[in-house]
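Chemist: Before we start, here is the structure in question, set down as structure tokens.
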Amino acid sequence: MTAAKPKPEKTDQGCLALVALVGVILLVVKCADSSQSTSASSFDTAPAATDAPTPTPTPVLAQSKSDLGIGAESFTKVAAVDDATSSMIFSKNCYAALEERFTWSKLDQCGAFDALAVHNVLEGLQTGSDAELTYLDGEAAAGRFFAAAKSHADDQSTMDERWSALDAYAAGVTKRAVARLAAKAAASEAESEAMEGDDTAYVDANGNVVTPATGDQVSDASEEE
């Protein structure tokens with residue numbers, strides 16, 4: 001009688017165990033990926049420690065009449081000493097100081113000086129070499145002003161208005177200076193004509209009584225009173 005062959009054991013339980021193991025492995029892998037993703041996201045959103053702050057423009061201050069006056073006073077002193085040579089040197093030194101430490105007051109002072117030099121050249125009150133006159137040209141002076149203000153102003157149109165105000169101020173000051181010189185010249189000419197054609201004594205600008213025919217000083221008018 002042939003012995004019966006043993007029946008193979010059922011493998012259902014083994015399959016279930018294998019499926020469970022695979023599920024655990026997948027879960028572990030998923031958790032690891034999630035953790036790495038969260039860490040990477042944290043690094044991406046964190047601000048970089050090495051980022052430098054963005055420089056902000058210097059707040060634009062309104063023009064001050066006192067600053068324009070300082071520029072005009074500086075020009076008057078320089079112009080009394082020399083012609084365009086000294087004006088060009090002063091202008092260069094003014095803008096060099098502005099590069100070291102920028103302020104709107106200093107910019108207006110330099111601009112007012114330059115604008116006055118420009119208008120004095122235009123009126124023939126200052127003369128100089130070709131290089132000096134080119135430096136004191138209106139467009140060149142405006143260019144220096146805009147270049148100095150460029151990195152400190154958000155709106156270029158406000159700088160256009162600022163320079164226009166300086167230019168108008170300088171034009172007015174120069175016009176009045178020309179009028180005074182013309183009046184002085186006319187008075188001097190009238191005085192000379194009176195001395196040549198009239199024998200009537202008159203009081204000169206210093207208060208002295210003068211006889212036109214001879215030009216002799218008769219007396220001090222203040223002494224006669």
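Chemist: Within region 115-225, which helices (runs of 4 or more DSSP H) (wholly inside it) include 2 or more residues that are in contact with a helix residue (DSSP H, G or I) (Cβ under 7 Å, 6 or more places away or on another chain), among the aromatic types (Phe, Trp, Tyr) and at pLDDT 75 or above? Before the answer, list the steps.
Modeler: Values: elements: 130-135, 138-149, 156-197, 221-224.
In region 115-225, the matching helices (runs of 4 or more DSSP H) lie at 138-149, 156-197.
Chemist: Looking at region 75-88, I want the residues that are assigned to a helix (DSSP H, G or I) and have a partner that is of a type in the set (Ser, Thr, Tyr) with Cβ atoms under 7 Å, at least 6 apart or on another chain. Which pairs are those?
Modeler: Matching pairs, first to second residue: Val78/Ser86; Val78/Ser87; Ala79/Ser87; Ala84/Thr127; Met88/Tyr135.
Chemist: So, one more: Among Phe113, Phe146, which is the only one that is hydrophobic (A, V, I, L, M, F, W, C), surrounded by fewer than 20 Cβ atoms within 10 Å (Cβ to Cβ) and within 22 Å of the chain's Cα centre (by Cα)? Let's see the steps before the verdict.
Modeler: Values: Phe113 fails: surrounded by fewer than 20 Cβ atoms within 10 Å (Cβ to Cβ).
Only one candidate qualifies: Phe146.
The values are calculated or read from the model by the stated rules, or taken from the named source; none is laboratory data. Keep in mind it's a predicted model, so treat the numbers as computed, not measured. Methodologically, a virtual Cβ is constructed for each residue, glycine included, from the backbone with ideal geometry; neighbour enumeration extends over all protein chains shown.
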